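Following: one structure in structure tokens, then a few remarks.
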Amino acid sequence: MSTVIRISSDLAREARTRSSVEKRSLTGQIEFWASIGRIAEENPELPYSFIKELLIAREEAKSAREEYVFG
């Protein structure tokens, strides 16, 4: 389910720029940042770089789940 939210034009501009570089949609970029923020808030001892790598690894694991074909 999606929900419409309002964000500042500055945040939208930054997210649009970063989403282009990271090959994500604008929504995907903001969701990515929100995930990092939520994890950081729940785990203040984890460094940003660890959190980012964790999220990247999670996405890579999702995309790597293909059925193995023998032969």
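Descending by average beta-carbon neighbour count within 10 Å, the peptides 2-12, 18-28 line up as 18-28, 2-12, the highest first.
For a paramagnetic label modelled on residue 46 (point 7 Å from Cα along Cα→Cβ), amide N atoms under 19 Å away belong, within the stretch 16-33, to 29-33.
Across q = 0.17, 0.21 Å⁻¹, the chain modelled as identical point scatterers on its alpha-carbon atoms has Debye log10 I(q)/I(0) values of -0.78, -1.04, in the order of the q list. Projecting label points 7 angstrom from Cα along Cα→Cβ for residue 35 and residue 60 puts them 1.4 nm apart.
Mean separation of Cα pairs under 8 Å and 6 or more residues apart, divided by the residue count, gives the chain a relative contact order of 16 percent.
Laboratory data are not the source of any read-out in this text; all were calculated from the coordinates shown. Quick caveat, the model's predicted, so the values are computed rather than measured. Virtual Cβ from ideal backbone geometry, glycine too; neighbours counted across all protein chains shown.
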